[in-house]
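Notes to accompany the following structure.
The values are calculated or read from the model by the stated rules, or taken from the named source; none is laboratory data. In this text the structure is predicted, and so the values were computed from the model without any measurement. Note that each Cβ is placed from the backbone with ideal geometry, even for glycine, and that neighbours are counted across all protein chains shown. We work out accessible area using only protein heavy atoms, side chains counted, and drop any ligands, DNA or RNA first. Shrake-Rupley method; radii C 1.70, N 1.55, O 1.52, S 1.80 Å.
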Amino acid sequence: MSFSFYNTLGRKLQSFQPIIPNKVGFYGCGPTVYNYAHIGNLRAYVVHDVLVKSLRRAGFEVTHVMNITDVGHLSGDSDDGDDKMVKSAEERGKSVLEVADFYTRAFFNDTARMNIERPTVVCKATEHVADMIVLIKRIEANGCTYSAGGNLYFDTTKVPGYGELALLRLDELKAGARTGLDENKQNPGDFVLWFTKSKFENQALVWDSPWGRGYPGWHIECSAMSIKYLGEQFDIHAGGIDHIPIHHTNEIAQSEAATGRRPWVRYWIHNEFLVLDKGKMSKSTGEFLTLQRLLDEGYQALDYRYFLLGGHYRSQLQFSREGLDSARNARKSLTEKVNALAEKAGGAAVLLPGKAGFGSAGAYIEAFNKALEEDLSTPRALAELWGLLRDNTVNPAEALAAVFDMDRVLSFSLQEGLKNDSPQNDEDAALVKEIEGLIAERGAAKKAKDFGRADAIRQGLKERGIILEDKPAGTVWRRA
Ligand code: AMP
Ligand code: ZN
């Protein structure tokens, strides 16, 4: 498969060629863990998930790195406002690390419920301060910093092409507009690499550094951790469009200033926002929706995933309950259709190996692939899935295999959602009954710590071509 992505750097669709053939280094900015992720944030992570799964399904070996911001992120991206972590800890009467730990767990709980695969590397800012210090030293050695008011700043006039990603022009940046209230900044876009003396005297977490005891700026953490895990130049960096003008612009400036290598990242992929009827979601005003809230209202996490995939990642998506209702209905009918197909294909428990070839379903797989190859068009990909399910001329077993293959990217758990109780004939019915009896017996044996018996049941079934799999929701079976 040959992908093309809309590259924010250059603002055009570009064919994707990784630096090392068949390998992809991908960094997606992760959450600042001072509160729950809102459903807009989850849009960004679903986009990353679809990107990674599409590339892997096409045969690329992807290293996906995600940071956890647990220090240094101020409410204003240009070094103004409160420290998000410190403020949250104060409000909750907890330590910063307790808050970080709680919301990191909550984040991965949400992403797991949405079938978002955990990245290859998840790295916490607080555990990488030494790497940040090393990187800042390199930037300093290359003459791109200055000290003022106790902080160490990045001098944006010292690097070529500052602001290229965001199409910013330095002479157009009005002083004051970007410097915020910080009088120490010499140029509009300059930003803090290392805070020592600042308004945050109550900063809970501080480290020794060549510039004094203090803590890192937010942008440097993404440069330091991505370089550590992916190298000085890598393939793809992603985040929401809000990160283009400041966070990602500054990440590029620092990384290139440190290494002297351009371009630092080859492809920049930015997702548009999810907006509420009332406009933007804001954690500071409390105007935001969490996944849990949707679950409390009776939706399932995968309904929301379906809703998101119905929009292209570069289009703004308006959230509404009506939209989510349609997604829920569509997903319900999808599950029903897949179950019906499985019955036609010869028993729900029959799982076809993905590589078997898709025969009469091949054209749908090709169109599905093309949709993803062309800048990750999930709406088109979904349309191909539906086209396949409505097409009665396709052989059911081949259609089923194709549906499961598509679901490797869509991730609606279609395979797991299959009813295991739709036998084709009496013989199958008896077999299903027997298997279910044995699964129950094995569960009881495990409970009684009779692991010998439990293993014997599993092995006995295996010899008859029945594989047991233990899932969080219980044991499921399939034919080998
Ligand atoms: P944050 O935790 O604020 O750094 O945001 C995490 C990710 O969510 C970043 O990639 C943001 O760009 C992205 N993001 C924030 N708000 C939205 C939104 N309403 N819709 C889509 N993505 C968002
Ligand atoms: Zn980042």
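So if I place +1 on the C-beta of Lys and Arg and -1 on the C-beta of Asp and Glu, and nothing else carries charge, what would the dipole magnitude of the chain be about its Cα centre? I want it in debye, nearest 20. Display every interim value, and only then the final one.
Numbers: 59 positive and 64 negative charges, 104 e Å.
That gives the chain a dipole magnitude of about 500 debye.
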Checklist entry - Using the heavy atoms of the protein chains alone and a 1.4 angstrom probe, what is the accessible area of region 291-410 per residue in square angstrom? => result 42
Next on the checklist: Using a Förster radius of 60 Å, what is the FRET efficiency between GLN459 and GLU232 based on their Cβ-Cβ separation? Nearest 0.05, please.
Outcome noted: 0.75
Item to check | Estimated vicinal HN-Hα couplings, Hz - region 21-31 in sequence order (Karplus 6.51, -1.76, 1.60; Gly, Pro = x) | outcome: x, 6, 10, 10, x, 10, 10, x, 4, x, x
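I need the shape label for region 291-410. Rule: rounded when a/c is under 1.5, else prolate if a/b > b/c, else oblate, with a, b, c from the alpha carbon gyration tensor. Can you show the working numbers first?
Values: a/c = 2.43, a/b = 1.47, b/c = 1.65.
It is oblate, given that a/c is not under 1.5 and a/b is not larger than b/c.
So if we plug the beta-carbon distance of VAL206 and VAL121 into 1/(1 + (r/R0)^6) with R0 = 25 Å, what FRET efficiency do we get, rounded to 0.05?
On the way: r = 26 Å, r/R0 = 1.03.
Plugging the Cβ-Cβ distance into 1/(1 + (r/R0)^6) gives 0.45.
Name the shape class, rounded, prolate or oblate, that the alpha-carbon gyration tensor gives for region 227-276, where a ≥ b ≥ c are the square roots of its eigenvalues, rounded holds for a/c under 1.5, and otherwise prolate holds if a/b is larger than b/c and oblate otherwise. Please list the in-between numbers first.
On the way: a/c = 2.93, a/b = 1.99, b/c = 1.47.
In terms of gyration-tensor shape, prolate.
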Checklist outcome for this item: Taking a label point 7 Å from the Cα of GLU287 along Cα-to-Cβ, the residues of region 14-43 whose backbone nitrogen sits under 20 Å from it are 35-43
Checklist entry - How large is ³J(HN,Hα) for each residue in region 37-51, as worked out from phi by the Karplus curve 6.51 cos²θ - 1.76 cosθ + 1.60 (θ = phi - 60°), to whole Hz, x for Gly and Pro? => result 5, 8, 5, x, 4, 5, 4, 4, 6, 5, 4, 4, 4, 5, 4
Checklist outcome for this item: Along the dipole axis of the chain (charges at Cβ: +1 for Lys and Arg, -1 for Asp and Glu; origin at the Cα centre), the most positive-end residue among PRO21, SER147, PRO216 is PRO21
Item to check | Carbon and sulfur %, accessible surface of the chain computed with the full protein complex present, 1.4 Å | outcome: 49
Next on the checklist: Run the simple label-point estimate for ARG390 and ARG408 please: 7 Å along Cα→C-beta, distance reported in nm.
Outcome noted: 2.7
Next on the checklist: List the residues, sorted by chain then number, that are 5 or more residues from PHE16 or on another chain and whose placed amide H is less than 5 Å from its amide H.
Outcome noted: PHE3, SER4, PHE5
Checklist entry - For the residue pair ASN22 and SER315, what label-to-label distance in nm results when each label sits 7 Å from Cα along the Cα-to-beta-carbon direction? => result 3.7
Next on the checklist: Let me make sure I get this right: for region 4-271, a, b and c are the square roots of the gyration tensor eigenvalues over alpha carbons, sorted descending. Under 1.5 in a/c it's rounded, otherwise prolate if a/b > b/c, else oblate. Which is it?
Outcome noted: oblate
Next on the checklist: Net charge around LEU13, counting only other residues with Cβ within less than 9 Å of its Cβ (Lys, Arg = +1; Asp, Glu = -1)?
Outcome noted: -1
Next on the checklist: Using 0.36 nm times the number of residues separating LEU431 and ALA383, minus their current alpha carbon distance, what extension gain do you get?
Outcome noted: 13.6 nm
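Round to the nearest 0.05 the FRET efficiency obtained for ARG57 and ALA448 when R0 = 41 Å and r is the Cβ-Cβ distance. Please list the in-between numbers first.
Details: r = 42 Å, r/R0 = 1.02.
So the FRET efficiency works out to roughly 0.45.
Distance cut-off 28 Å, Cα to Cα: go down the list LYS344/LYS433; LYS87/LYS124; LYS23/LYS124; LYS87/LYS158 and report the pairs above it.
From LYS344/LYS433; LYS87/LYS124; LYS23/LYS124; LYS87/LYS158, over 28 Å: LYS87/LYS158.
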Checklist entry - If the cut-off is 15 Å between C-alpha atoms, which aspartates and glutamates fall inside it for LYS84, apart from same-chain ones fewer than 8 positions away? => result ASP70, GLU98, ASP101, GLU201
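Calculate the dipole size of region 291-410 relative to its Cα centre from +1 charges on Lys and Arg beta carbons and -1 charges on Asp and Glu beta carbons; express the result in debye to the nearest 20.
Values: 14 positive and 16 negative charges, 23 e Å.
Dipole of region 291-410, to the nearest 20 debye: 120 debye.
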